[in-house]
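Novice: One structure coming up, written as structure tokens, with questions to follow.
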Amino acid sequence: MRTDVQTHVCFRTNRPDLMELRRIVSQNPNVHSGDLVFAGTRVPVRHLVAYLKGGDSLDVFLEHFPTVERRQAEAFLEETEHDMEKRLNQEGPRADSASAR
């Protein structure tokens, strides 16, 4: 694990700031048809999602895409989790249909 990489976080939210997010992912119409890719690579983030959905581990993904750094993949997953929580909280509490039975 690299410890020489400084992570910039917003002091109010303790989440990566925009500068740090740009070290995690990037999007450019001239790179992989504008897909969201891991910064500094041509590897679409959807490949990580496909690997995980298919039952592969993060280690397997990183072995197959060595240009992606572990910290990028982990940060992407953490941000995705946070965004899902934020969306659910914006909608307010709602009983799950399965638990309401």
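Novice: If I filter segment 40-75 down to residues being in contact with a Leu (Cβ under 9 Å, 6 or more places away or on another chain) and outside any helix (DSSP H, G or I), which single residue comes out as farthest from Met19 (Cα to Cα)?
Specialist: Per the criteria, the residue is Phe65.
Novice: Next question, about the same structure. What's the number of the condition Asp83 fails, among (1) modelled with pLDDT under 90; (2) touching a Ser or Thr at 6+ places or on another chain (Cβ under 9 Å)?
Specialist: (2) is the only condition that Asp83 fails.
The values are calculated or read from the model by the stated rules, or taken from the named source; none is laboratory data. Just so it is clear, the structure is predicted and the values come from calculations on it, not from any experiment. Glycine also receives a Cβ, built like all others from the backbone with ideal geometry; neighbour counts cover every protein chain displayed.
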